[in-house]
Amino acid sequence: MVDAVELSRKYEGKIEIYPKVPITSYNDFALIYTPGVAEVSKAIYKDPDKSFELTSRWNTIAVVTDGTRVLGLGNIGPTAAMPVMEGKSLLFKYLGGVDAIPLPINVKSADEFTNVVKALETSFGGINLEDIESPKCFYILEKLQSMLNIPVWHDDQQGTAAAILAGLINAMILTNKDPKESKVVFYGAGASNIAAARILAKYGFKYENIVMIDSKGPLYADREDVDHLMLHHKWKYELAIKTNKWEAKEIKDAFSGADAVVAASTPGPNVIKKEWISLMNKDAIVFALANPVPEIWPQDAKEAGAKIVATGRSDFPNQVNNSLIFPAIFRGVLDSRAKAITDEMTIAASEALAKYARDRGINENYIIPRMDEWEAFYEEAAAVASKAVELGLARVKKSREEFREIAKERILRARKIMNLVISTWSP
């Protein structure tokens, strides 16, 4: 079996760029480049939005990182993060038909990061932020969203949050639980869970019924470090103030009477204990999302009383993975030429993904589609594009069905071209 290093050496990376305008004669160069290209530049100079019609900007995004929080590896820096960003770019193309350029950048501060990305805005139709340490990632996302007139997204926050919500929607249906009344424990207070708490609250869960657990235990308004959080981590501080109406101070108290737990913390097993699961309500829902080993093995969670268990792994049922989200989100915003990605658009993607699974028949081992159920991506993309139109953020306005057909055509075309190139390329 070829390992990852051998694969990368064999192909010398995971992506490359190909032109799409045919060259059939010497005269074609005068149209592709000088002097003909000057007319294209003059048209864009008069109307900058024409860059989305006359250049590849409309379908091109940047995958930007500083390499400070690479999944499973930590702070390895931008150079070592490049293989991960290349892999992400390949998934964007194969699953979403999106041209994604990996851009690890060598910066130290959050403001340096935002200044670099702001300078890149004119070249791209969207920005995907990746693998940035917390809490810096929250500041960077909010600052760039306020500065740029193209969609900015942090996949570790919004992508994972959207996948979590999609799975929870169907898990709640199967267990007859009401999101408005359900107690949800978030085990781990990093980027994904903090974003998930916000997205869930926008969807209909109540902040007061959420308990967020970090390395020191449950967050609550009077915890001794709350003043420090107010000064240094406002996003966690806000959750400490809004959540945990029970003022649970111990982990066992947080789990007691909970309907669902969403864990995105350190790899297990036995990070989450069976006795904690046994304290939860009947038909408990457990999302143990750490990789490569979940916080608790699915069988252990079920033995302790869980009805539905999801992990981040493909070799167990119910894989909750942001790869189900980010290709379709960007397909939708690029097709509609949206100016932003909002929480409402994120929720639309979650609802479309959940509905796709329901239409095929959900059960305890199938609450969310698999990554190889390609049509789910078309449905998500159409839902996101339609929501952008509804919110007044779209430069292109079409019906949901029209957006679905556009997404399908572009994704299938990308996959066909990839397969053709790969079949004829011999390293």
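With a 1.4 Å probe rolled over the protein heavy atoms of all chains, the accessible area of TYR207, TYR366, TYR139 falls in the order TYR139, TYR207, TYR366, largest first. Measuring from centroid to centroid over Cα atoms, what is the spacing of the range 348-427 and the range 152-194 in Å? The range 348-427 and the range 152-194 have Cα centres separated by 21 Å.
Roughly how many Å is it from the Cα centre of the range 75-131 to that of the range 281-325, as a whole number? Value for the Cα centre distance between the two parts: 29 Å. Here the range 82-217 has an Rg and Dmax of 16.9, 49 Å, counting Cα atoms alone.
So for the range 16-156: antiparallel DSSP bridges make up what percent, rounded to the nearest 5? Don't skip to the answer; put the middle values down first.
Working: 1 of 14 bridges.
Percentage antiparallel, nearest 5: 5.
Of the peptides 89-95, 314-320, the order by per-residue mean of other Cβ atoms within 10 Å, starting with the highest, comes out as 89-95, 314-320.
For the chain, the antiparallel share of DSSP beta bridges with both residues in that region comes to about 10%. Translational diffusion of the range 16-156 was estimated from the Stokes-Einstein equation, with Rh taken as the Kirkwood radius over Cα pairs; at 4 °C and 1.567 mPa s the coefficient is 78 µm²/s.
As a rough guide to protection, the peptides 143-150, 208-215, 170-177 ranked by mean Cβ packing within 10 Å, highest first, stand as 208-215, 170-177, 143-150.
Counting each DSSP H run of 4 or more residues in the chain as -39500 (n - 2.57), what helix-only mean residue ellipticity at 222 nm follows after dividing by all residues, to the nearest 500 deg cm²/dmol? That comes out to -14000 deg cm²/dmol. Working from Cα positions, state the angle (0 to 90°, nearest 10) between the long axis of helix 110-120 and the longest principal axis of the chain. Once rounded, one gets 30 degrees. Suppose we look only past 14 Å in the calculated P(r) of the range 196-248. What percent of the Cα-Cα pairs does that tail hold? Summing the P(r) tail past 14 Å for the range 196-248 gives 46 percent.
If you put +1 on each Lys and Arg Cβ and -1 on each Asp and Glu Cβ, how big is the dipole of the range 322-424 around its Cα centre, in Debye rounded to 20?
Values: 18 positive and 16 negative charges, 97 e Å.
That gives the range 322-424 a dipole magnitude of about 460 debye.
Quick one: which of LYS143/LYS249; LYS118/LYS234; LYS252/LYS302 span more than 22 angstrom between C-alpha atoms? Present the calculation step by step, with values, prior to reporting the outcome.
Details: LYS143/LYS249 33 Å; LYS118/LYS234 24 Å; LYS252/LYS302 18 Å.
In this structure, LYS143/LYS249; LYS118/LYS234 exceed 22 Å between Cα atoms.
Can you pull the percent of the range 122-227's accessible area that's carbon plus sulfur, 1.4 Å probe, other chains left in place? List each step's numbers first, then the result.
Working: 1500 of 3310 Å².
Carbon and sulfur atoms account for 45 percent of the accessible area of the range 122-227.
Using the average count of surrounding beta-carbon atoms within 10 Å as a protection proxy, the listed peptides 239-252, 384-397 rank, highest first, as 384-397, 239-252. Could you tell me what percent of the accessible area of the range 284-336 is made up of carbon and sulfur, with a 1.4 Å probe and every protein chain present? Accessible surface attributable to carbon and sulfur in the range 284-336 totals 48 percent. Does anyone have the angle between helix 136-147 and the longest principal axis of the chain? Alpha-carbon axes, 0 to 90°, nearest 10? In the chain, helix 136-147 runs at an angle near 50 degrees to the longest axis.
Post the alpha-carbon centroid distance, the range 253-272 to the range 1-63, in whole angstrom. Centre-to-centre distance over Cα atoms comes out at 46 Å.
Average accessible surface for the range 76-233: 36 Å² per residue, computed with a 1.4 Å probe over protein heavy atoms with every protein chain in place. Got the relative contact order for the range 16-156 handy, in percent, Cα pairs under 8 Å and 6 or more residues apart? Taking the mean separation of contacting Cα pairs over the length of the range 16-156, I get 23 percent.
So which of LYS46/LYS398; LYS216/LYS242; LYS273/LYS307 end up more than 22 Å apart by C-alpha?
Working: LYS46/LYS398 26 Å; LYS216/LYS242 18 Å; LYS273/LYS307 16 Å.
Check vs 22 Å cut-off fails for LYS46/LYS398.
Per residue, the accessible area of the range 322-424 comes to 43 Å², computed with a 1.4 Å probe over protein heavy atoms only. Surface listing: TRP276, TRP297 arranged by accessible area from highest to lowest gives TRP297, TRP276, probe 1.4 Å.
Can you check how the C-alpha radius of gyration of the range 322-424 compares to 2.2 N^0.38 Å, as a plain ratio? Don't skip to the answer; put the middle values down first.
On the way: Rg = 14.0 Å, N = 103, 2.2 N^0.38 = 12.8 Å.
Compared with the compact-globule rule of thumb, the range 322-424 sits at 1.10.
More than 16 angstrom separation, counting every C-alpha pair in the range 1-56; what % is that?
Numbers: 981 of 1540 pairs.
That tail contains 64 percent of the Cα-Cα pairs.
When Rg/Rh (Cα atoms, Kirkwood Rh) is computed from the coordinates, the matching label among (1) 1.01; (2) 1.04; (3) 0.99 is (3).
The values are calculated or read from the model by the stated rules, or taken from the named source; none is laboratory data. Note that this is a predicted model, so its numbers are computed, not measured. Here Cβ is always computed from backbone atoms with ideal geometry, including for glycine, and neighbour counts include all displayed protein chains. Protein only, heavy atoms only, side chains kept; ligands, DNA and RNA dropped before computing areas. Shrake-Rupley method; radii C 1.70, N 1.55, O 1.52, S 1.80 Å.
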